[in-house]
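Since the structure comes first, as structure tokens, the remarks are kept for the end.
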Amino acid sequence: MPASAIFGPAEGGLALAQSFVHENRIRQRRAPSVPRFYCIEESVKYARVRKPFGEELARNQAIQWPLVELATQCEMRAC
């Protein structure tokens, strides 16, 4: 490996990697949850509009439960 490819001191690899991971965790936590909520809301709208057998998909528990689970997880992360 060429010397130009080494970032930081050769003995400091673990500390550098941990610093990078820690900084990204903070950024991810601060990321807005608006896109998550938007996607869930759009999924609910679609489930209400889509009527494959004459009845809304939103009335089907197999559709409701995953959407509720996603919304709950999203709410817990937004706090």
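The values are calculated or read from the model by the stated rules, or taken from the named source; none is laboratory data. On a predicted model such as this, the values are computed, not experimentally measured, just so you know. Note that each Cβ is placed from the backbone with ideal geometry, even for glycine, and that neighbours are counted across all protein chains shown. Note: accessible area is taken over every heavy atom of the protein model, side chains too, but ligands, DNA and RNA are not part of it. Shrake-Rupley method; radii C 1.70, N 1.55, O 1.52, S 1.80 Å.
Search region 48-60 for residues being touching a Lys or Arg at 6+ places or on another chain (Cβ under 6 Å) and farther than 20 Å from Arg36 by Cα, and hand back the single one that is modelled with the highest pLDDT. Looking at the filtered set, the residue picked out is Glu56. How about region 44-74: which of its residues are open to solvent by 60 Å² or more (accessible area, probe 1.4 Å) and β-branched (Val, Ile, Thr)? Residues satisfying the conditions are Val49, Val68, Thr72. Of the listed requirements (1) modelled with pLDDT under 70; (2) open to solvent by less than 100 Å² (accessible area, probe 1.4 Å), Leu16 misses just one: (1). Before we move on, is Tyr38 surrounded by fewer than 12 Cβ atoms within 10 Å (Cβ to Cβ), modelled with pLDDT of 80 or more and of a type outside the set (S, T, N, Q)? Judged against the criteria, Tyr38 is a match.
Take the conditions (1) assigned to a helix (DSSP H, G or I); (2) over 13 Å from the mean Cα position of the chain (by Cα); (3) at pLDDT below 75; Ile63 misses just one of them, which is (3).
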